[in-house]
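Chemist: Next up is a structure, given as structure tokens.
The values are calculated or read from the model by the stated rules, or taken from the named source; none is laboratory data. This one's a predicted model, so the numbers in the text were calculated from it and none came from an experiment. Cβ sites come from the backbone with ideal geometry, for glycine too, and all protein chains shown count toward neighbours.
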Amino acid sequence: MTASLPYPALYATHGGIWIADPEGRVRGVGRGEAIARAAETPMVMLNAPLVGQRLGYPDLSGLDLLELFAFVHPARFVVPTPKGLAGVLRSSPVRGGGSAVALTEGLAKGSGQPLHQPSAGPPPHAGEDFDGAYAAAFLLEAAETLLSTLEDPAWPEREGAWASAQSLYRLRWPWAAAVAQRLKRPERDERWLFSKLPEWEEGGARGQPRPVRVAPEDAVERLARLTGQGAEAREGQKDYAAAAAGAFGPRVADGLPNMLLAEAGTGIGKTLGYLAPASLWAEKADGAVWVSTYTKALQRQLDKEGLRLFPDAIERKKKVVVRKGRENYLCLLNLEDALQGGFAGRAAILAQLVARWAAYTKDGDMVGGDLPGWLPTLFRRAGSTALTDRRGECVYAGCPHYRKCFIERAARASQDADIVIANHALVMVNAARGRESGNPPTRLIFDEGHHLFDAADSTFGVALSGQEAIEMRRWLIGPEGKSRGRRRGLSARLSDVASYDEQGALALDAAVQAAGLLPGDGWIGRIAEGVPFGPLEKLLSAVRGTVYARASAQDAGYGLETEMAELDGDIVAAAQPAAEALEALMRPLMALAKRLEAVLEDAPDWLDAQARARIEGAIAGLSWRTGTLSAWIALVSRLGGPADPDFVDWLGVERAEGREYDIGLHRRWLDPTRPLAETVLKPAHGVIVTSATLRGSEDWGAAEARTGAWHLDRPPLHFEAPSPFDYGANSEVLIVTDLKRGDIPQLAGAYARLIEAAEGGTLGLFTAIQRLKAVHARIADRLARAGLPLYAQHVDPMDTGTLVDIFRDDPRASLIGTDALRDGVDVPGHSLRLVVMEGVPWPRPTVLHAARRAAGGGSAYDDRVVRARMAQAFGRLIRRAEDRGLFVLLSAAAPSRLMTAFPPGVAISRVTFDEAVARVRARLSSAAFLVQESDPDVTASERAE
């Protein structure tokens, strides 16, 4: 066995800092000593950016165990904590090394001395806590386990490791020397990544689905098969499956889909409820059902449910396919550029680790797939977005890796799949573009349907901003400046066509020349300095001046906006030259599209299948871009003119913590469900829109309005199944009446005391990032000293999905955040037992909201929005029948009319803060849970007492 790693380990939390030496001795240290030691000696640590943040030393670097894990076990999930790492390593024994992690009992808290020296033995159990000293010693053992894996003949991810290690050694990866000592050179040279990736196969077009119906009783029978023998009979789920079956029959006329609006409370089992008839229809009709979600968490859950539908792995891979937007997938051409010198420094190391992952990934999804969400954040996001398929740069069939492309493979796989799992935005964009498949889906299921309005709002909106214009320019001209990547402008992609077709070449040259008038690199700096270049930058400069002249909250540090009305002469004067520049660009693009269509019709000798696919891709791209340009021209022409009652227009300056990053003109539909109905719903044959809170506390008319059903000539069917959970017995709402609004110290103290009373397990929701950060800064250290770790969105250098994974894995941890945590967070069990809302989540008074509020009934519109948000927040609390918890609203002014957001039967009490803390402690502390678990007959009121 190779000698142990001769480096110390550093572990830091808000509660303290510990260093373990190679012999296993551990001691607590101060921040200054920790920084000094880390600067002079390589140290093993877990998540260096997070440790650096804890130390107040953001540039901290060292031997990050997560980087080593990503090298040793690419595409394998792990919660990035000592406990999470121990759980994975324990399940992967190393030959000759005994257990995966050689640790025994914990270390004496606070003493810095081990009770026992580390020896061969089991790692901590899943429920065991890691104190700081114990965790520091564990990091060394985990490093030894991972390095020992490199010597294990049974290591499944060996292929490609040696070549990758050599590249990482040249890049001076901190782990390279230790890896090189353990990793033997293979007897045969390893295949290059791009040569071993499988190629997708081109198949024939799938025919139209057969016109079949799904009988309700057959759907229920399929449901019974999916749930399995001995499963608990849920009548609500059976009724749901029977109702959903009706949406899969043939429609009666064009534009009249069979539409079902289904509200199924938490615990009904709606996922299998609609998958039962969906899978049955797909099997009988030989067609695809697209299941659309709003969050990546539900996409992952649906993907797992594919095991019930198709137990055989090979069949499941063909029948269930996950589809996302192009920007989610690894671009192999971008990766090749990065590996061949396009990236430098830490970004180059990230590219090598991503290449390791690419050889083992299921589908190449970098955002929410099997690439660890924490991996890009270890590199301060250096280069991660440059490895995905950025808008406008794909060369389609002109790419040498086209036949191995993850994006193209997913697109083709979805053509023959039974169940395609997508998201609302992708479904809408595909419908709007009218491409991606010769046979658009005829059956659609929108899960998380309460978000359909917001998804349509974003998809069908228009923004002419500096960032959007840069994307258009890059698509036409290609990367500029010092970029070392291949030129991927339109002229480079169509060079062979230009040499063949003279008129096409002239149109292409004219388009590239006109693109030079779009904003280029450094545009926002030139505007800030008062020296804009070109008509579009001059227009954006005038927009910026108008917004700042009218702004009343310049010191807020965040985005500013103003209604597009009563504009001054400067911005109106800048509009005409900008519109002319956009028209000068659109004309040659339209001419080029016609010439490309003519080339396809003439079919010259050099037009093979790949060239044809490349030209077809260019035509589709031109159609999309000319549509965007047309929308931009209409928006610019609106400046100084009358308002269109169907739209809401405004000017905005986007800022983050006082730093400007975009300027633009914006347009949204007043009612975005109108284009949703025309583009997505009417072409479909069957549509199911479902959610646990589809109606909320409103009538079905409100649900029809927010899903687009209002705009159909055939009314939808309705289905409702209340949750089987006993919310009255297992949950309670407390409204605190004596906290002063706007008092940050008092708010921070409230969060701290509530988390302490619940002993962790708290999800804290804020309506403003600034207040979240202020509260976190005041209470994180205090809670950590009590053994209650606190994680925060917008503070901790980790993606939201990773933060939720950590929170789910530790019952004593708490998590605070904003909107992203209010929706789609699924943390069942004891890990989430208390939800605390900072205040009533009133809508932000934007230009768009003011217009919709005026059209939607004034304060009644606000109430509907707030009730929906509160219902979603409460929905995080009870995810299983045995869950129990409390919902605390820190707002004395919460109107009683909003309380219908909560399920019937839930007790709602207005109490003082001290009473709320006592109630939380009585119901949620570990002592309270022991009493409840030992005596299940104790009533809810008795538990509260």
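Chemist: Hey, does region 738-748 have a residue that's acidic (Asp, Glu), surrounded by fewer than 21 Cβ atoms within 10 Å (Cβ to Cβ), out of contact with any Leu (no Cβ under 7 Å at 6 or more places or on another chain) and not assigned by TED's automatic domain parsing to the domain that holds Ala918?
Modeler: Of all residues in region 738-748, those acidic (Asp, Glu) come to 738, 743.
Now restrict to residues that are surrounded by fewer than 21 Cβ atoms within 10 Å (Cβ to Cβ): 738, 743.
Filter again for out of contact with any Leu (no Cβ under 7 Å at 6 or more places or on another chain), leaving 738, 743.
Checking which are not assigned by TED's automatic domain parsing to the domain that holds Ala918 leaves us with none.
No, region 738-748 contains no residue that is acidic (Asp, Glu), surrounded by fewer than 21 Cβ atoms within 10 Å (Cβ to Cβ), out of contact with any Leu (no Cβ under 7 Å at 6 or more places or on another chain) and not assigned by TED's automatic domain parsing to the domain that holds Ala918.
Chemist: Exactly one condition in (1) closer than 19 Å to Lys83 by Cβ; (2) crowded, with 21+ Cβ neighbours inside 10 Å; (3) in contact with a helix residue (DSSP H, G or I) (Cβ under 6 Å, 6 or more places away or on another chain) is not met by Leu803; state its number.
Modeler: (3)
Chemist: Please verify whether Ala102 is over 27 Å from the mean Cα position of the chain (by Cα) and either exposed (fewer than 14 other Cβ atoms within 10 Å of the Cβ) or modelled with pLDDT of 75 or more (or both), treating the condition exactly as stated.
Modeler: Against the criterion (over 27 Å from the mean Cα position of the chain (by Cα) and either exposed (fewer than 14 other Cβ atoms within 10 Å of the Cβ) or modelled with pLDDT of 75 or more (or both)), Ala102 does not qualify.
Chemist: Can you tell me which residue in region 476-521 is surrounded by the most Cβ atoms within 10 Å (Cβ to Cβ), limited to those that are under 24 Å from Gly341 (Cβ atoms) and at pLDDT 80 or above?
Modeler: Ile477
Chemist: Can we say Thr818 is in contact with an Asp or Glu (Cβ under 8 Å, 6 or more places away or on another chain), within 16 Å of Val835 (Cα to Cα) and at pLDDT below 95? Before you say what the answer is, go through the steps one by one.
Modeler: Details: in contact with an Asp or Glu (Cβ under 8 Å, 6 or more places away or on another chain): no; within 16 Å of Val835 (Cα to Cα): yes; at pLDDT below 95: yes.
When the stated conditions are applied, Thr818 does not pass them.
Chemist: Only residues that are buried (at least 19 other Cβ atoms within 10 Å of the Cβ) and either of a type in the set (S, T, N, Q) or part of a loop (DSSP other than H, G, I, E, B) (or both): list them for region 311-350, please.
Modeler: Listed by number, the residues that qualify are Arg323, Lys324, Asn328, Cys331, Asn334, Phe343.
Chemist: If you scan region 187-222, which residues turn out to be touching a Pro at 6+ places or on another chain (Cβ under 8 Å), within 15 Å of Gly269 (Cβ to Cβ) and among the aliphatic types (A, V, I, L, M)?
Modeler: Ala219, the sole residue that qualifies.
Chemist: Quick one: in region 633-683, which of the residues that are more than 27 Å from the chain's Cα centre (by Cα) and not assigned by TED's automatic domain parsing to the domain that holds Val543 is nearest to Ala463 (Cα to Cα)?
Modeler: Keep residues of region 633-683 that are more than 27 Å from the chain's Cα centre (by Cα), which gives 633-651, 678, 682-683.
Next, only the ones that are not assigned by TED's automatic domain parsing to the domain that holds Val543 stay: 678, 682-683.
On the way: Glu678: 21, Lys682: 26, Pro683: 26 Å.
This residue is Glu678.
Chemist: Let me ask something else about it. Would you list the strands (runs of 3 or more DSSP E) that sit entirely within region 592-702 and hold 2 or more residues that are out of contact with any Phe, Trp or Tyr (no Cβ under 9 Å at 6 or more places or on another chain) and closer than 24 Å to Val847 by Cα?
Modeler: Numbers: elements: 647-656, 659-669, 686-691.
Strands (runs of 3 or more DSSP E) meeting the threshold: 647-656, 659-669.
Chemist: Could you please find all residues in region 67-95 being closer than 18 Å to Leu140 by Cβ, modelled with pLDDT under 50 and not aliphatic (A, V, I, L, M)?
Modeler: none
Chemist: Are there any pairs, at least 6 apart or on different chains, whose C-beta atoms fall under 7 Å, with the first in region 754-779 and assigned by TED's automatic domain parsing to the domain that holds Glu838 and surrounded by fewer than 20 Cβ atoms within 10 Å (Cβ to Cβ) and the second charged (D, E, K, R) and not in a helix (DSSP H, G or I), and if so, which?
Modeler: Taking only residues 6 or more apart or on different chains, the pairs are Thr767/Glu838; Arg771/Glu838.
Chemist: Could I ask something else about it? Name the residue that is surrounded by the fewest Cβ atoms within 10 Å (Cβ to Cβ), counting only residues in region 153-171 that are within 32 Å of the chain's Cα centre (by Cα) and outside any helix (DSSP H, G or I).
Modeler: Pro156
Chemist: Please list, ordered by first then second residue, the pairs with beta carbon atoms under 7 Å, 6 or more apart or interchain, first in region 501-526 and assigned to a helix (DSSP H, G or I), second of a type in the set (S, T, N, Q) and surrounded by 14 or more Cβ atoms within 10 Å (Cβ to Cβ).
Modeler: Close Cβ pairs satisfying both conditions: Leu508/Ser491; Val512/Ser491.
Chemist: Right, next: Which members of region 724-753 meet the condition of being more than 20 Å from Leu815 (Cβ to Cβ) and in a helix (DSSP H, G or I)?
Modeler: Within region 724-753, Tyr727, Gly728, Ala729, Asn730, Pro745, Gln746 meet the criteria.
Chemist: Taking region 351-382 only, how many residues are in a helix (DSSP H, G or I) and within 27 Å of Gln301 (Cα to Cα)?
Modeler: Total meeting the criteria: 9.
Chemist: Could you tell me which numbered condition Thr388 fails, if it satisfies all but one of (1) in contact with a strand residue (DSSP E or B) (Cβ under 7 Å, 6 or more places away or on another chain); (2) surrounded by fewer than 20 Cβ atoms within 10 Å (Cβ to Cβ); (3) closer than 27 Å to Gly52 by Cβ; (4) of a type outside the set (A, V, I, L, M)?
Modeler: Only one criterion in (1) in contact with a strand residue (DSSP E or B) (Cβ under 7 Å, 6 or more places away or on another chain); (2) surrounded by fewer than 20 Cβ atoms within 10 Å (Cβ to Cβ); (3) closer than 27 Å to Gly52 by Cβ; (4) of a type outside the set (A, V, I, L, M) is unmet by Thr388, namely (2).
Chemist: Further question: Mind counting the residues in region 192-242 that are assigned to a loop (DSSP other than H, G, I, E, B) and aromatic (Phe, Trp, Tyr)?
Modeler: Of region 192-242, the ones assigned to a loop (DSSP other than H, G, I, E, B) are 192, 197-215, 228-234.
Keeping just the survivors that are aromatic (Phe, Trp, Tyr) gives 192, 200.
Of the residues in region 192-242, 2 are assigned to a loop (DSSP other than H, G, I, E, B) and aromatic (Phe, Trp, Tyr).
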